[in-house]
1. Please turn the phi angles of segment A:176-192 into ³J(HN,Hα) values with the Karplus equation 6.51 cos²θ - 1.76 cosθ + 1.60 (θ = phi - 60°), one per residue in order, whole Hz, x for glycine and proline.
2. When the chain is fully extended, how far beyond the present Cα-Cα distance does residue C:31 get from residue C:59, taking 0.36 nm per residue of separation?
3. Sorted from fewest to most neighbouring beta carbons within 10 Å, what does the list D:199, C:68 look like?
4. Apply 1/(1 + (r/R0)^6) to the Cβ-Cβ distance of residue B:78 and residue B:13, taking R0 = 25 Å, and write down the FRET efficiency to the nearest 0.05.
5. Averaged over its residues, how many other protein chain Cβ atoms are within 10 Å of peptide A:188-194's Cβ atoms?
6. What are the label-to-label distances in nm, one decimal and shortest first, from residue B:70 to the same spot in the other copies, with labels 7 Å along Cα to Cβ?
7. Got a sec to turn the phi values of segment A:121-132 into Karplus ³J(HN,Hα) couplings, 6.51 cos²θ - 1.76 cosθ + 1.60 with θ = phi - 60°, whole Hz, x for Gly and Pro?
8. Quick one: plug the Kirkwood hydrodynamic radius of segment D:112-219 (C-alpha pairs) into Stokes-Einstein at 10 °C, 1.306 mPa s, and report D in µm²/s.
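Values in this text are rule-based calculations from the coordinates and carry no lab data. Here the structure is a predicted model, which means the values were calculated and not measured. So basically every Cβ, Gly included, is an ideal-geometry build from the backbone, and we count neighbours across all protein chains shown.
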Protein chains: 4
Amino acid sequence: MDDDSPYARWEQRTEIPLFLASLVFLAAYAARVLAESMPSFWKDVCWFTMLALWMLFAADYVVRWRLSGQRFPHFARTHFLHTVVVVLPLLRPLRIVPLYDAIQHRQGEPRLSLHARVISYASLSTLLLGFAGALAVYQQERGAPDTTMHSFGDAVWWAAATISTVGYGDITPVTRGGRTVAIGMMAGGLALLGAVTGSFSSWLLQIFSRESDKKPPES
Amino acid sequence: MDDDSPYARWEQRTEIPLFLASLVFLAAYAARVLAESMPSFWKDVCWFTMLALWMLFAADYVVRWRLSGQRFPHFARTHFLHTVVVVLPLLRPLRIVPLYDAIQHRQGEPRLSLHARVISYASLSTLLLGFAGALAVYQQERGAPDTTMHSFGDAVWWAAATISTVGYGDITPVTRGGRTVAIGMMAGGLALLGAVTGSFSSWLLQIFSRESDKKPPES
Amino acid sequence: MDDDSPYARWEQRTEIPLFLASLVFLAAYAARVLAESMPSFWKDVCWFTMLALWMLFAADYVVRWRLSGQRFPHFARTHFLHTVVVVLPLLRPLRIVPLYDAIQHRQGEPRLSLHARVISYASLSTLLLGFAGALAVYQQERGAPDTTMHSFGDAVWWAAATISTVGYGDITPVTRGGRTVAIGMMAGGLALLGAVTGSFSSWLLQIFSRESDKKPPES
Amino acid sequence: MDDDSPYARWEQRTEIPLFLASLVFLAAYAARVLAESMPSFWKDVCWFTMLALWMLFAADYVVRWRLSGQRFPHFARTHFLHTVVVVLPLLRPLRIVPLYDAIQHRQGEPRLSLHARVISYASLSTLLLGFAGALAVYQQERGAPDTTMHSFGDAVWWAAATISTVGYGDITPVTRGGRTVAIGMMAGGLALLGAVTGSFSSWLLQIFSRESDKKPPES
């Protein structure tokens, strides 16, 4: 792909505003779920903000698709991460790593190594997945009569135990909606976790090889 | 193996009918387990359908073995997936991926990459294993006096928590039959999950390398 | 190492008797734990058999060490599996895979591929670890006042949930001895499981590549 | 890096005293947490010792940074393990493996292989993480009104079930502080565990290849 292509120029111009928009989206959702005593006017503001931002993200996706000149299913496959964050806008803040890369690149600094980049991405994804999942499950479970999830702190503890596959079972979702979100979290969390541990393991091997080269021979 | 060999021609002709038969097999088993108030005539129809289809699958396996001209244990080893789906016909719909490959090939489209194929296979296997396991365990547990599995939804939730190795323990099988099926699910699920996460991790590394090449150098 | 060395000849002559002895050892331990109403004479026979066999295994280890002509810590490192099965004789039946290899080799048959061998070893080890661990934990827990492990079936179910890291928590050891054995099982089980899933994942990739080569090109 | 550089000489001279200091640090923390009936004078001695040692570790880190002549974030990245053990001094005894390497090197012995070194590091890290985490969580949970963690033995059992991701849930932290430490343990434990199982799997493959070469051909 040519670096002066319309696609590349679109990406350079929209990266930062869209990243800020994605933070606003996440904040609006969190406010909607956590601030239970919010006046109903502000609740409507939150929903409207989220809807507007989602449409913005969708428009960006369509523009990218058009500019890329590719046929649709092919575009969705080659721009896998874009497709994921359009469907699940709560995960959109993940675009921070390409953003960081782009900024660092503009300053002529060396970029992160491949391992470090995969670990950053996967760790951030895991954190976001956990936070968004805890919000979504808490929203489902809050009203349930026999729930064991009494506060958002409980939801975060449950999310940590679920994504790490520890699964104590002291707190578990009981509603159909909560369990559906939980199954999505398990699937995503396992894949991301595999990526984190796999990359960490390779990184550790690399660090050890490098450290061992620095050891002083006694002669 | 020659592409015009009797084996290859047999495979081309039987792939689609056998795949449809395997869907009927799974549907008959699900209907048998889930439709509790089904009249006993239809229950017999379900069992008979399953038996007939199983014999059909076995016959296909024997024909393939004869056409391949190989000795038996060697054939079972080199056609590992065929052997598995003859023993566990509930998993036979897995043949969908070779089918999709074959159809796409006929149209001259590029096939899926190796990673994508392994991920599709392993994810589909995991879903099927979970669905079939939930059905089988639910069948065992339904009548048990001190069961915690009160509906098929509970069984699906239990299967997801088991295959992902989260294991909350809010719902667990208590009968000997249910626990035996569960141990099979753990063994199969772990192996498949390892294949999914391993391939996903490699795929992510590949995607990141590709994305990083597309970043615009500023000069 | 020379194939006519005293070490190799010792190995060829003792492999089969020692394997049979290890099965007797495991059976004696199982009988001792499971047959609660056994007369005390037979209990003593079991303990004596186990002690005698352990001394036999230790003698074999010392002879091997002497014949190898290596210094001790080096020998223990290069013959890692031998050292493990001397310390934990319940795991000694693992020597079946070298035995199977040796027999197959004598008949001029091709040996198992490396992946298949690692998977066999690790799966068998996992099974043995689970069986021996279930026996050992059951022995500890049987008399405990507030135990949740009421039968050997419960112990097997607990061992499966532990080694697969599912960990429902419906049955857990409560005694100090039972928990100590359980921690050993977790450590060993995790390492072996990683070996199984890693090898299976590689094997699956291999099988898929091979299968894809067999697909008929349409031309 | 030059072997006679001030950095290398500093490392050679301080390695052993700092390792002993880190053992004292861990012992002081353990004494402080476990010896509940300790007179308050000795409790103050423990805290003061820990504070003094922490400042010593920080001073060592600053000296190393200055001697290395690198800019700060770069130094923190290239000396990743040093940075970790300054922030979490409970994990400092991990420096034992470089120490062991250095001593063995001085004696002209061959060093451990890369796999063995990663496994040692990661296993020791896991043990230390588990022990330090059990101490820290026990300190948080001891006073809680509805805790299920009644003794340090319970805390160790909980830590083993957590780091192995088994997660029975028979004992779980209920305080905010205990859960925070637990989430840190899950994150660290998973990464380290991945490194252990990954390296063990590679090591097993290596051992099997080597053993298979030693098998006597019959001819």
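1. Rounded to whole hertz, the list is 4, x, x, 5, 5, 4, 4, 5, x, 4, 4, 4, x, x, 4, 5, 5.
2. 7.6 nm
3. On the way: D:199 26, C:68 17.
In increasing order of surrounding Cβ atoms, one gets C:68, D:199.
4. After rounding to 0.05, the efficiency reads 0.75.
5. On the way: counts 0, 2, 9, 10, 4, 6, 11.
Mean partner shielding for this stretch: 6.
6. Label-point distances to the other copies, shortest first: 3.7, 3.7, 5.3 nm.
7. Per-residue couplings from phi come out as 3, 5, 5, 4, 4, 4, 4, 5, 4, x, 5, 5 Hz.
8. 102
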